[in-house]
Amino acid sequence: MGTLSEEILSRKVGRRVQAGEIIVVDLDLVMSHDTTTPLAMEAFYGLTRQESIQTTQTPAGSAARPTGIFDRSRVVIAFDHIVPAATIQAAALQRSIRSFAREQGLGQVYQEGVGHQIILEKGFVVPGDVVVGADSHTCTYGALGAFATGMGSTDIGVAYATGQTWFRVPETIAVRLIGQFAPGVFAKDAILHIVGILGADGASNFAVEFLGETVERMTQSERFTLSNMAIEMGAEVGLIAPDAVTVEYLRARTTRSFELLQPRAPQYAREIVVDVSRLEPQIACPPDVDHVVPLHEVEGLPIDQLFLGTCSNGRIDDLAIAADILRGQQIHPNTRMVVVPASREVYLEALRRGYIEIFTEAGALVEAASCGPCIGRHQGVLSAGERALTTMNRNFTGRMGDPTAEIYLGSPATIAASAITGVITDPRQHFVG
């Protein structure tokens, strides 16, 4: 009997586990991307190459040293952070990763969008899985009822070789959402509000479970937005119990069997309740993601650049919201807008629906599916003193370029409404009637 984390981890180790226990777990998937794989490769080679071993004899009673990738079908590498390569150094790193993948016989190497989105779309994760990734937003997969968390590249290199890692079973904070969103208010506003309540480190070393009637009514895409930003509260994982919505999402994406694990008589360390019907659009102000205020407190603030995309809000539902607002409109001449679909699948669907045409005719720049400006490497770097409003999950100093630039976070609707006016604008006016 336990929280969703305890249920998943108990199933994986074959016995009941409780918060506070240290366990070693077999992994269902290991992922890394173009900026984290090189260090993971170093750790992997340090563990597996014969020349790094002092003796070729395995001590009696010890485990044999791994010699290669533990399971090629369970490793995914995504080129997404600096794609296409923006510098000679990035190109060289990417070349080394491709050589590594060929050497190790890794066939699941992708360059078609944000790695997290690719993993979700291609059905690599199902409920009950335990997944680690060399990126903090691996927690996104928790929206499918998987225990998924980010790790450092050294740990990922060890996971490449062994297929295992250790966890301290986390205590859980329950976040219960009730009520119904007002028109123009969305899941992104809810998670920003929750981050503001708990703080940037308020859930450190905890699991967070999102539950309640509002979550049950959410689409799978909206659930991904919640789980994606669990790490912005410091949480190890951001979980949502799988249900019929989960099953429908996975139906055409995987042939794997899975169980819809649920929390059973859970003992939560803390529970907070948020009535979303009381929310107005929310804005996270620089320099911290937990500096969240109702939009009216910053309404009218001039914006130099709008950015719609990322693993938080670059899915087709997000593009649809923005396209409906921007249809027949023009980006304000004092600002600019960058749109980056989260994946090739999203890009193609946006083309079919006419969204790319809407964005382009409005004056936005639509870029190749990738992480885009989110990490300040290319596709929309900020200059000194500029101000951006984005659907990203982070607004740290220097995140998008010059350290004196300011980054504000909001929903796709808020970004689109603000693109028309050139200032932070309440999107609810576009949902009247």
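Just so you know, all these numbers are worked out from the coordinates, no wet-lab data involved. Just so it is clear, the structure is predicted and the values come from calculations on it, not from any experiment. Heads up, the Cβs are rebuilt from the backbone with ideal geometry, glycines too, and the neighbour counts pull from every protein chain shown.
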*asked:* Need the full-extension length gain, Gln89 to Thr360, defined as separation in residues times 0.36 nm minus the C-alpha distance. One decimal, nm.
replied: 94.4 nm
*So how far apart, in nm, are the two label points at Glu299 and Glu280 if each is 7 Å from Cα heading toward Cβ?*
0.5 nm
_Value of relative contact order over the range 172-278, rounded to a whole percent, pairs C-alpha under 8 Å and six or more apart_ = 44 percent
_What percent of all Cα-Cα pairs in the range 378-433 falls into each 5 Å bin, going from 0 up to the bin containing the maximum distance?_
4, 20, 25, 22, 16, 6, 4, 2, 0
*asked:* Only counting other Cβ atoms within 10 Å, I'd like Val247, Val13 sorted with the fewest neighbours first.
replied: Val247, Val13
*Whole-number percent relative contact order across the range 321-367, with pairs defined as alpha carbons under 8 Å at least 6 apart*: 55 percent
*Could you tally the net charge around Ser10, taking each other residue with its Cβ under 13 Å from the Cβ of Ser10, Lys/Arg +1 and Asp/Glu -1?*
+1
*How much net charge surrounds Arg353 when only the other residues with a Cβ under 12 Å from the Cβ of Arg353 are counted, with Lys and Arg +1 and Asp and Glu -1?*
-2
*Given H placed on each backbone N at 1.01 Å, which residues far from Phe307 in sequence or on other chains put an amide H within less than 5 Å of it?*
Val338, Leu389, Thr390, Thr391
*Per residue convex hull volume, Cα atoms of the range 172-278, in Å³*: 105 Å³
*Tally Lys/Arg at +1 and Asp/Glu at -1 over every other residue whose Cβ is under 14 Å from the Cβ of Ala323; what's the total?*
-2
*Relative contact order for the range 283-431 using alpha-carbon pairs under 8 Å, separation at least 6, rounded to a whole percent?*
34 percent
*Just from the alpha-carbon atoms, what are the Rg and Dmax of the range 231-376 in angstroms?*
18.8, 56
*Binning at 5 Å from 0, report for the range 168-220 what percent of all alpha-carbon pair distances ends up in each bin.*
4, 17, 27, 25, 15, 9, 3, 1, 0
*asked:* Considering only C-alpha atoms, what is the centroid distance from the range 75-110 to the range 323-389, in Å?
replied: 25 Å
*Within 10 Å of each residue's Cβ, count the other Cβ atoms and sort Lys12, Lys122, Lys188 from fewest upward.*
Lys122, Lys12, Lys188
*With N set to the residue count of the chain, report its C-alpha Rg divided by 2.2 N^0.38 Å to two decimal places.*
0.98
*asked:* Full-extension gain between Val432 and Ile197, please, as 0.36 nm times their residue separation minus the C-alpha to C-alpha distance.
replied: 81.7 nm
*Estimated 222 nm signal from helices in the chain, with DSSP H stretches of n ≥ 4 weighted -39500 (n - 2.57), rounded to 500*: -9000 deg cm²/dmol
